[in-house]
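To keep things clear, I will list the structure first and then write my remarks on it.
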Amino acid sequence: MILGWVRSADDALGWAELPFLRIGPQVFEQWHVEPGVVPCVGWLEGELCAYGQVWEDPVEREAEVTRVIVATDLRGRGVGRTFARLLASEAIRRGFGVVVARTTRPNRTAFACFRAAGFVRMDRADEVAMNLDQSDDYVWLQSAPAPDV
Ligand SMILES: CC(C)(COP(=O)(O)OP(=O)(O)OC[C@H]1O[C@@H](n2cnc3c(N)ncnc32)[C@H](O)[C@@H]1OP(=O)(O)O)[C@@H](O)C(=O)NCCC(=O)NCCS
């Protein structure tokens, strides 16, 4: 079902950083055995509406919200924003004080989604440091505490 939400090359790259033709059930098999990967799903009125992951990095004492995807028909209605916020809350519940997220530079929708979920963009120096051991020049954001926390 979730795989059916990947409708375009941009979806595939934005979600999994993979070409469209390499999206298949094996992505879950590979991801879900990786240490520190916590897969999560969102439900709306009894229907699966979103999938995403929390990556736990106990060494850096940091968690990342990633691989978020929303059911195609439900996009643009606030599901991604709410789900990303819930994933950040889950990371905090698991004991992580720092929760980050990243997007590829062209993925303006994902950036808007994380911003709407309360993440703020890191300054450029931090972003450069975060990208030192990465294969791409990602845009990085950090979850800001909710006003009522
Ligand atoms: C990115 C994604 C998860 C966003 O989910 P969504 O439910 O459509 O997002 P929301 O409706 O909650 O919108 C969140 C913000 O993004 C903005 N947004 C939504 N769709 C947009 C679009 N097509 N272009 C630009 N901005 C967009 C909204 O305006 C909102 O910002 P605002 O509150 O400041 O107005 C969804 O588009 C998706 O599944 N994309 C494919 C997979 C992907 O790229 N995942 C990112 C992995 S990091």
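Bear in mind these aren't lab numbers, they're just calculated from the coordinates by the rules spelled out. Because the structure is predicted, anything quoted here is derived from the model rather than measured. Don't worry about glycine lacking a Cβ; one is built from the backbone with ideal geometry, like all the others, and counts go over all protein chains shown.
Some notes on this structure:
- Here is the tail figure for segment 1-54: Cα pairs spaced more than 19 Å apart come to 29 percent of all pairs.
- The coefficient of translational diffusion for the chain, derived via Stokes-Einstein from the alpha carbon Kirkwood radius under 20 °C and 1.002 mPa s, stands at 136 µm²/s.
- q = 0.15, 0.16, 0.22, 0.30 Å⁻¹: log10 I(q)/I(0) that the Debye formula gives for segment 59-100, counting C-alpha atoms only: -0.40, -0.45, -0.70, -1.00
- Using C-alpha pairs under 8 Å with a sequence gap of at least 6, the mean separation divided by the residue count of the chain gives a relative contact order of 17 percent.
- The residues packed around ARG81, meaning those with a beta-carbon under 12 Å from its beta-carbon, carry a net charge of +4 if Lys and Arg are +1 and Asp and Glu are -1.
- For VAL139, the shell of other residues with beta-carbons less than 11 Å away shows a net charge of +3, using +1 for Lys and Arg and -1 for Asp and Glu.
- Distance between segment 39-78 and segment 115-131 - C-alpha centres, whole angstrom: 19 Å
- About the Cα centre, charge dipole magnitude for segment 2-143 (Lys/Arg +1, Asp/Glu -1 at Cβ), debye: 520 debye
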